[in-house]
Structures are given as structure tokens and as C-alpha cells.
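J.: Sharing a structure, written as C-alpha cells. Questions coming.
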Number of protein chains: 2
Amino acid sequence: MTAAAPDLDLTVDAVRLTQQLVDIGSVSGEEQVIADAVERALAAQPHLEVIRDGDNVVARTHLGRAERVVIAGHLDTVPLNDNLPSRRDETHLHGLGSCDMKGGVAVALRTAATLPEPNRDVTYVFYACEEVEEVRNGLRHLARERPELLAADFAILMEPSNAGVEAGCQGTMRVDIVTRGERAHSARSWMGVNAIHGAAEVLARLNAYEPRRPVIDGLEYREGLNAVFVSGGVAGNVLPDECRVSVNYRFAPDRSPEEAEAHVREVFAGYDVTVTDSAPGALPGLSVPAAAAFVEAVGGEVAPKFGWTDVSRFSALGVPAVNFGPGDPLLAHKQDERVPYADIELTESRLRAWLS
Amino acid sequence: MTAAAPDLDLTVDAVRLTQQLVDIGSVSGEEQVIADAVERALAAQPHLEVIRDGDNVVARTHLGRAERVVIAGHLDTVPLNDNLPSRRDETHLHGLGSCDMKGGVAVALRTAATLPEPNRDVTYVFYACEEVEEVRNGLRHLARERPELLAADFAILMEPSNAGVEAGCQGTMRVDIVTRGERAHSARSWMGVNAIHGAAEVLARLNAYEPRRPVIDGLEYREGLNAVFVSGGVAGNVLPDECRVSVNYRFAPDRSPEEAEAHVREVFAGYDVTVTDSAPGALPGLSVPAAAAFVEAVGGEVAPKFGWTDVSRFSALGVPAVNFGPGDPLLAHKQDERVPYADIELTESRLRAWLS
């Protein structure tokens, strides 16, 4: 533990606590100071067992309740973009990490400290490196190395969701489609085969594609199949012999990655398709009693989650999970990210009501 | 003049002279040594007036003939590619510049030195920096600064053409076609417009395009319209808002650059088209008496020239011009470039017969 870690006062209101957290800069890979502060503040609570693993901090109650729930949030942010320190206006807290996701972390910390006897046992998980490459992800590390810490009947990931419940998440897959040709001088183009021209049909299939909109547990998921990169070319006077189209498929959680891959290969039948990246979705799991009870208790609208989030890690562990946190997810990673005070307060009161 | 310039013996056979020239490396920008050697060898001929301008050397007869012809070749080569010094096998001389175009330069030098009284006045032009950006081109420099040196009834550019006559040359134009969209997270693709998908129609038009094959002076020119580069993409999870297709149009010399541009704009009507590069073609001009006489004298097949060459500079000065030199143009710029002895000998004997 470094001496530099400031004291966090978990008894102040959640907005002020959010602001304290925002002003402890914690770009991915540099979470030690904030993890130290979180660890120390939680260790001061006699009703919590606190476990430190790298820059991940886990705190849990042991009340012998019939159910255990995980409440989780990541401590890191994307890189600084001239958006620290925080600033407040009448309705919003502005600054790096305010939306994604220190508002949610503050609510979890406040709840951990001030609700010593929740009606369900709770495992609070604060983790590092969510905003960078998957292999560094702190929740991934815990899931692989210490899965017993994540064992639960239900999980709440406090990613921004406008203080409502966003259930499950879609899967994501990237594939490269490569067309090939034969080089020739462009002054004698009939001697070659233009690989860029060969990509016309790939793009035409993308244009003609009709994404599915399956309804799962009453939620409509909207898929998407999109080129995210295209590249090809050798020189200004040469017919190119290769063109690469990188396509991102966002698929509803009723499809496994294997089914998603089979589908993409069918769409691009006849082409050279290579999967470069893939992450499964997470079913909303709203039919599980703990999840249904949560949705009923918080009383909000339930929406499907389109973007991929760490809820899928819980799903992979057999733990139904939802996203539920303050802030608009469309503002995540924006320079002007911000979080409404009202969202923070609403999220906290709903969570507290459910656990009381 | 540097002391390092070797003596060139213009009385040896043209193959040996080609080899001497190849072994004087002369990558573009480093032509001083070869230009010194050429200047000195020509200055030793009492029947020639020799003019040096930078690393360009002009030598001309003043016999008061009814016609004047230019015989021209560039002294530079593309960069070294582990292909020096030269080497000989039974049929070919191998090495950097052997094909492009020191075989032709050797024939011109031999003719200049050993034919003191040609039946037409001749202006021999040896120039620098043909293989690099147009603004450095030695022939361009002479055409702009000393056009009187290039005044003639007819010009022969000794670029490789398999010892036959390749007449005129096609023009070339590059345009960028940019499609635009609107960025969005790929998990919510319905919020945006994918600019790469928008390029499908551009590629479809290229695929559907039927190039012209106009016949000019009995020669069929084959045009071509080809994508040479394509690029687009922001991040693996973002719908791109811009996609750029770079297209190279090779157009027959019956079209001016202005007509070529209008045609390309018509093909891509509705798109944002920017011309990035353009060079006019050159009409074969075979109906001009001097040209017709040359073609008849050398007795070879006449073919159209597809690639752009400096003949278009003569064309722009009102001087009909053809390509006529030893070597296969398809071997130019290749590591294993080479020239057949037979081509060098045939080119020389044909040129000498025409001028005798």
C-alpha cells in the first residue's frame, strides 16, 4: 500500500464520493493508488472481509443469507483527454471516469460501508484494467484464478445504464475477409485481376444484410454486421493482389460464438474468412428468481444491452448478471463524459431498497 | 566534371558499351559520373556540338539537313536491388539499367559517335531523373527552360520496346473517390451510416466498367479504370465515417486530360471525386511524314504504347515521337532486368540504316 493513497470518506453522499474517485486519476495500468484507497476504506468496515489481489479488491459479507449477490465495478478509466480534475454544474458531475464508471463504484462503496446487514450476502468486486486488452482484465483474472470469489446467485455490474436495468449483452466477433487477385501494371490491367474490385460483392452482401432482432426474455436485441476496416493497394500504378475487409458482427445472446461464426461464414460463403476476435454474449437470465426479484425491486424499465460488457464473464460462470448504473453509456469514453447527480442518487436508493 | 568519370570507348560494340554504362551505377539523383563520362566522350567528336545542363547532356549535328530528329534516353535507373555489377550469359546482359534503358543509351551514343554525317540532322539528348517524381525530370527541365534544344520534326525515345516501334502513349490520371457516413458504435450500428458499405457501389461501377479500345493511326489502345488503393476505418468497434477509393484511369491519347476527367466524373456521378494526379497521353502521330518514314525504314511491327512515357513531352511540344529501344518493357524495374544482345544489335542496325 502506498503512502500516496488518499483517505476516502464513505459516509459522504455518493455524488461527493464519485467526485473524490474521479479526482484520483486511474488510467488502466495505473490503478494502484485508487485500489489502495478503496482497500483501506473497506478494511475499516468490521462487517466486511477484504481480499486484495493485484489491483483488484474484493469485499464480502458473511451473514449466512440464503442468497449471495455480486456487485461489481472497474476502477480504471480510458486515457486522460484534458478532462481532469472533475467539475460540477447544477445537474452533472463532469470528468474522466465520471460516467464510466466511478458513479457506479461510489454507489457500491457507499452501500458496502453503510449497509452492514443486507438481506442478501454481498460480494463487492472492484477491479482493474477493464478498458484495455482483454488479457489484462482484472475480472477475467479473478474468474480464472479465484472463481470462488465470484460465486453468487446473481451479479450486478454497475456499468452506466441510465440508472435502469440493461440485461445480458450481445456477443462480438471480428472477421477478416480477404479477396485475392493478381498484380499487373495498371497500364496493362487486362494482364491482372484486381482484388479491390473483387471486394465489391463482399460490400454488396453487407449492404443487403438484414440483421436479426430476436426477442429474448421480452427484450429485443438488435444485431449488426458492419465493415470496420478496409484496406488494399500496392502502388499507384499496380493492380492490387489483395484486399482485406474487417467485419464486426454483434450478435444477440441466443447465439453462441460458434453459431455466430457459422452464420458469418454462410453470409460470406465463397470467400476467405478468418476470425480474429470473438467474445460471447450473455443471456439476460431474467427468469432466474434472483434476477426477477431485482428487476421487480428496482422497478425500472428493463432494456437489452447492445454493447459487450463484463456481464458475459458472469454468464460464463453460470451467474445471471445485469448492467445497472448511473450515467448514459453513450457518453462513455467521450471527452465530455459526465454523470447526472439524479442517476447516482436513484441508483443508490434502488440498490439500497433491494438489499434492505 | 569529376575526375572519377571513366572513359567511355564509343567504338566498341553496343553490347560492350551497354555493359560499361550499366557498371557506372546511376540511380536517380546520382547521375553526375555517368553524365560526365557521356559529355566527355561526345565532346571528343568534332562533328558534334555538346551542351551540358545539370546532369543532362545534349549533342547535335549541324549539317543543314532538311529534317532534324531527336534521339533521346535517360541516364538514371531505379534504386539498386542487389543487381550490380552486370553479368553476361549467352544471350543477355543482366543488371540494373540494362533494360531500362542503358541498351538504348548505348545505341544512341554509338550512333552519335560513329555516324558523323547522318542524312538528317540529329539532336541526341541524354537526361537525368526520369525514374523519380515528375518535377525533377531532366527532359521536363529542358522542355521548360531550353525548348529550342528539343525542336525537331520527329523524336525517338529509346525506351525498351523489344526493338520494335511503340507509338504514342496513353495518358494517366488518378482520382480519389470518398464516400462519407456517420460514426457510431458498432454495437448500435443503426445510429450511424457505414461509409465502407457506401463504397460498394463505387466498386460495382468499376466492375461493370467497359474500357474503350479506340483505334488511332491503325493502333488499338486499351484503356483501363482500376482501383489501386482502398482505405477506411476508425476502430474495431466503430462504424467508419469515411472510405477512400483511389482509382487510376489509363486513357488512350485521343482523349485530353480534361476529357478524361469529365469521363471519370461521369462514371462516378453522385460521388465526391478529386483528381490527384494527371499526365496527358501522346498521339502516335504516325501520319507525320518523318514518323511514317521512320516506321517504314525500321520495317518492324508498330504497336501502341500503353504505359506513360516521356514521348508525351515531345507530343506536348508538337513533336511526334515514338518509343524504340532494346529490351522488354515488362522487365523494367525488375530485379532480374536484362536485355537481349540481339535487341541491341537490331535496334542499332535499324537506326543506322534509317539515318544513312
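The values are calculated or read from the model by the stated rules, or taken from the named source; none is laboratory data. Just so it is clear, the structure is predicted and the values come from calculations on it, not from any experiment. FYI the Cβ positions are ideal-geometry reconstructions off the backbone, even for glycines, and counts take in every protein chain you see. What goes into the accessible areas is simple: the full protein's heavy atoms, side chains included, and nothing from ligands, DNA or RNA. Shrake-Rupley method; radii C 1.70, N 1.55, O 1.52, S 1.80 Å.
J.: Could you check, for the stretch A:244-251, whether at least one of its residues is polar (S, T, N, Q), out of contact with any Lys or Arg (no Cβ under 7 Å at 6 or more places or on another chain) and not assigned by TED's automatic domain parsing to the domain that holds A:Arg313? So that I can check it myself, show each step before the final result.
T.: Taking the stretch A:244-251 and keeping what is polar (S, T, N, Q), we get A:246, A:248.
Checking the rest, the ones that are also out of contact with any Lys or Arg (no Cβ under 7 Å at 6 or more places or on another chain) come to none.
No, the stretch A:244-251 has no match at all.
J.: Would you pick out the residues in the stretch A:160-180 that are under 24 Å from A:Leu225 (Cβ atoms) and assigned to a loop (DSSP other than H, G, I, E, B)?
T.: Correct list: A:Gly168, A:Gln170.
J.: Take the stretch B:278-295 and flag every residue that is at pLDDT below 90 and either touching a helix residue (DSSP H, G or I) at 6+ places or on another chain (Cβ under 9 Å) or surrounded by 22 or more Cβ atoms within 10 Å (Cβ to Cβ) (or both).
T.: B:Leu283, B:Pro284, B:Gly285, B:Leu286, B:Ala291, B:Ala293
J.: For A:Asn119, all conditions in the list (1) under 22 Å from the mean Cα position of the chain (by Cα); (2) part of a loop (DSSP other than H, G, I, E, B) hold save one; what is the number of the exception?
T.: (1)
J.: Just to be sure before I move on: is A:Gly164 over 19 Å from A:Thr309 (Cα atoms) and not hydroxyl-bearing (Ser, Thr, Tyr) in the structure I sent?
T.: Against the criterion (over 19 Å from A:Thr309 (Cα atoms) and not hydroxyl-bearing (Ser, Thr, Tyr)), A:Gly164 does not qualify.
J.: For the stretch B:329-351, enumerate the residues that are part of a helix (DSSP H, G or I), open to solvent by 60 Å² or more (accessible area, probe 1.4 Å), at pLDDT 95 or above and of a type outside the set (Asp, Glu).
T.: Initial filter on the stretch B:329-351 (part of a helix (DSSP H, G or I)): B:329-331, B:341-351.
If we keep only those that are open to solvent by 60 Å² or more (accessible area, probe 1.4 Å) as well, we get B:330, B:342, B:345-346, B:349.
Checking which are at pLDDT 95 or above leaves us with B:342, B:345-346, B:349.
Within the stretch B:329-351, B:Ala342, B:Leu346, B:Ser349 qualify.
J.: Now for a different question. For the stretch B:28-70, what are the residues that are in a strand (DSSP E or B) and over 20 Å from B:Asp9 (Cβ atoms)?
T.: B:Glu49, B:Ile51, B:Arg52, B:Asp53, B:Asn56, B:Val58, B:Arg60, B:Arg68, B:Val69, B:Val70
J.: Suppose we filter the stretch B:184-201 for residues that are facing chain A (nearest Cβ under 7 Å) and surrounded by fewer than 20 Cβ atoms within 10 Å (Cβ to Cβ); how many remain?
T.: So the count comes out to 2.
J.: For the stretch B:297-325, how many residues are more than 14 Å from chain A (Cβ to nearest Cβ) and in contact with a Lys or Arg (Cβ under 6 Å, 6 or more places away or on another chain)?
T.: Residues flagged as more than 14 Å from chain A (Cβ to nearest Cβ) and in contact with a Lys or Arg (Cβ under 6 Å, 6 or more places away or on another chain) within the stretch B:297-325 amount to 1.
J.: Any residue in the stretch A:225-240 that is within 7 Å of chain B (Cβ to nearest Cβ) and closer than 15 Å to A:Gly198 by Cβ sitting within a Cβ distance under 8 Å of a residue that is part of a strand (DSSP E or B) and among the charged types (D, E, K, R)? List the pairs, counting only those 6 or more apart or interchain.
T.: A:Val230/A:Arg244; A:Ser231/A:Arg244; A:Gly232/A:Glu242; A:Gly232/A:Arg244; A:Leu239/A:Glu182
J.: Select from the stretch A:78-95 the residues that are part of a strand (DSSP E or B) and touching a His at 6+ places or on another chain (Cβ under 9 Å) and list them in ascending order.
T.: A:Arg87, A:Arg88
J.: Of the conditions (1) more than 10 Å from chain A (Cβ to nearest Cβ); (2) of a type outside the set (Val, Ile, Thr); (3) closer than 24 Å to B:Thr274 by Cβ; (4) open to solvent by less than 20 Å² (accessible area, probe 1.4 Å), B:Tyr249 fails just one. Which one is it?
T.: Evaluating B:Tyr249 over (1) more than 10 Å from chain A (Cβ to nearest Cβ); (2) of a type outside the set (Val, Ile, Thr); (3) closer than 24 Å to B:Thr274 by Cβ; (4) open to solvent by less than 20 Å² (accessible area, probe 1.4 Å) leaves (1) as the failure.
J.: If you go through the stretch A:202-224, how many residues are more than 8 Å from chain B (Cβ to nearest Cβ) and either over 22 Å from A:Thr274 (Cα atoms) or in contact (Cβ under 8 Å) with a residue 24 or more places away in the chain (or both)?
T.: Residues that pass the stated criteria total 14.
J.: Moving on. For B:Leu157, indicate whether it is surrounded by fewer than 21 Cβ atoms within 10 Å (Cβ to Cβ), in contact (Cβ under 8 Å) with a residue 12 or more places away in the chain and more than 13 Å from chain A (Cβ to nearest Cβ).
T.: Answer is no for this residue.
J.: Please specify each residue of the stretch B:205-246 satisfying the condition of being within 17 Å of B:Phe268 (Cα to Cα), hydrophobic (A, V, I, L, M, F, W, C) and either within 28 Å of the chain's Cα centre (by Cα) or surrounded by 16 or more Cβ atoms within 10 Å (Cβ to Cβ) (or both).
T.: Result: B:Leu206, B:Leu225, B:Ala227, B:Val228, B:Phe229, B:Val230, B:Cys243, B:Val245.
J.: Check A:Thr11, A:Thr77, A:Thr61, A:Thr18 and return the single one that is surrounded by fewer than 21 Cβ atoms within 10 Å (Cβ to Cβ) and hydroxyl-bearing (Ser, Thr, Tyr). First the steps, then the outcome.
T.: On the way: A:Thr77 fails: surrounded by fewer than 21 Cβ atoms within 10 Å (Cβ to Cβ); A:Thr61 fails: surrounded by fewer than 21 Cβ atoms within 10 Å (Cβ to Cβ); A:Thr18 fails: surrounded by fewer than 21 Cβ atoms within 10 Å (Cβ to Cβ).
Result of the check over A:Thr11, A:Thr77, A:Thr61, A:Thr18: A:Thr11.
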